[in-house]
1. Net charge near Phe446, counting Lys/Arg +1 and Asp/Glu -1 over other residues with Cβ under 12 Å of its Cβ?
2. Per DSSP helix of 4 or more residues, -39500 (n - 2.57); summed, then divided by the residues of the chain. What does that give at 222 nm, rounded to the nearest 500?
3. Quick one: if the Förster radius is 30 Å, what FRET efficiency do Ser267 and Gln225 give, using the C-beta to C-beta distance and rounding to 0.05?
4. Highest mean first, what order results for 298-308, 175-185 on Cβ atoms within 10 Å?
5. Note down the net charge around Glu86, summing +1 for each Lys or Arg and -1 for each Asp or Glu among other residues with Cβ under 12 Å from its Cβ.
6. Loop-only trypsin sites (Lys or Arg not before Pro) in segment 20-102, please: DSSP not H, G, I, E or B, and at most 12 other Cβ atoms within 10 Å.
7. Kindly rank 312-320, 481-489, 445-453 from highest to lowest mean number of other beta carbons found within 10 Å of each residue.
8. When only Cα pairs under 8 Å and 6 or more residues apart are kept, what is the percent relative contact order across the chain?
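Here, each number is a calculation from the coordinates, and none is a lab measurement. None of these values were measured; they are calculated from a predicted model. Using ideal geometry, Cβ is built from the backbone for each residue, glycine included, and neighbour counts are taken over all protein chains shown.
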Amino acid sequence: MKDMFCFQCQQTAHNTGCDGKVGVCGKKADTAVYQDELIGALIALANAAENGSSTEKTDMLILKGLFTTITNVNFNNVTIKQLTEEIHIERSRINSQKFDDYDMKKLWNDHEDIRSLKSLILFGIKGMAAYAYHAQALGKTDSEVTSFFYKALRAIGSENDPEKLLGLVLETGNVNLKCMALLDAANTDAYGDPVPTEVPLTIEKGPFIVVSGHDLHDMKLLLEQTKDKGVNIYTHSEMLPAHGYPKLKAYPQLKGNFGTGWQNQQSEFHNIPAPILFTTNCIMPVRQSYCDRVFTTSIVSYPELVHIGDDKDFTPVIEKAIECGGYDEDKEMTGMNGGHTVTTGFAHNAVLSNAEKIISLVKEGRIKHFFLIGGCDGASPSRSYYSDFARLTPPDSLILTLACGKYRINDMDLGTIDGIPRILDCGQCNDAYSAIKIAIALAEAFDCGVNDLPLTLVLSWYEQKAVCILLTLLSLGIKNIYLGPTLPAFVSKGVLDVLVDKFQLTPISTPEEDIKKILG
């Protein structure tokens, strides 16, 4: 009998599934089981809500439950079981009928095509729940997005028609576009439209805090609480785009970015003289050399670490920063290619403000191709494909990048085209919305479809937010996407054949072969 079954992320064992005592991500078998039970409880809650009296609390439990099971978010059995029990109580409160939790073994043991389609839906709504959660923290909700979580969960538990499930897969992508637009509006309303900003990678001497994850609301609260405290703030991984938002960059203690991709944290945090605050996912099993300096908040939870609760009082983090003292002298760090600075803030507003110039450069033949190279990062050596691919792109092409996959290329100096940097960082993974808006605007300018543009998407995936973004691109009918470093283990051959036939979804090969194929 297998100890666990989990195949929701790209690094899953043998590209088939983790089934031993510990998953590749570090999640233990019992934690995986508790997370499955949590999803089973959410399906029952969705069934109860269909004819029950759900409330905003019910909606929030759906978001929290899905978000909690994303890869590298929660390694804590205690908090997972507490959340499951809270869901059980809510289920009884909204509907007096009896609803049994769904047994996830039914899904994992189902026909491979049904399992594949349902997995695409489940992993897609997990990613979308993260975006909806961040938007709600800033007061933004959408009834269509909210109701879809219930619809999708009910279908996972009961629907077995492949055609209906395939339709729901694409609907997941379509609804996620609305969800990303919701979060984009929430962030820009709260913090302004991002502007291009050069970010140093050098850490100044003195006390500092490293902030990881995606939650800009938590970042704003921490910046407020560190005013005049003599403590500097550095972003890490997906928090880098915070530097582009005017109302966040106005804080003088927001100094720069610490380290590179999330997968390097265990080595980069080794003996760090400062605390690290994880606001959302991408926490890895914490090592002894820095475990006393790691704090979590929001959905993130790890055994025996100090958790900052809903009151968002970051005093323990600030006090730890002062206690640690930081570096005695400025510490130079570099990106993955040796660069000393990176530039972020090229969201849709910043890029489209230069649309006339870009369109003119295309018409003059000075820009001949656009590449979107980005997505999730990870530890696999094969991910060097993306940095090698970027180096091979011709000098008359522009590269849009986003999510933590940008760390593979964002410190490269590939020059400019008439003052426009060849690498434009659009932001976090949810800022795929920016890339989509840019593509649609270009298509309108040239009076053609997105698929007719000289645009190629070269995507890297790792976890569930990447899944919902891929589904969004497919729901928009975007074709010829290059995907790697491996294809998802949860996509069966039958489902893959449909995606290849309908959307020409293409596994990456080598940078040289793919560049030749794209530009040939």
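1. Numbers: positive: Lys363; negative: Glu444, Asp447, Asp452.
Residues close to Phe446 contribute a combined charge of -2.
2. Working: 18 runs with 227 residues, N = 520.
It comes out at -13500 deg cm²/dmol, rounded to the nearest 500.
3. The value I calculate is 0.55.
4. Details: 298-308: 19.5, 175-185: 23.3.
By packing density, highest mean first, the sequence is 175-185, 298-308.
5. +3
6. Lys21, Lys98
7. 481-489, 312-320, 445-453
8. With pairs under 8 Å counted, the relative contact order is 18 percent.
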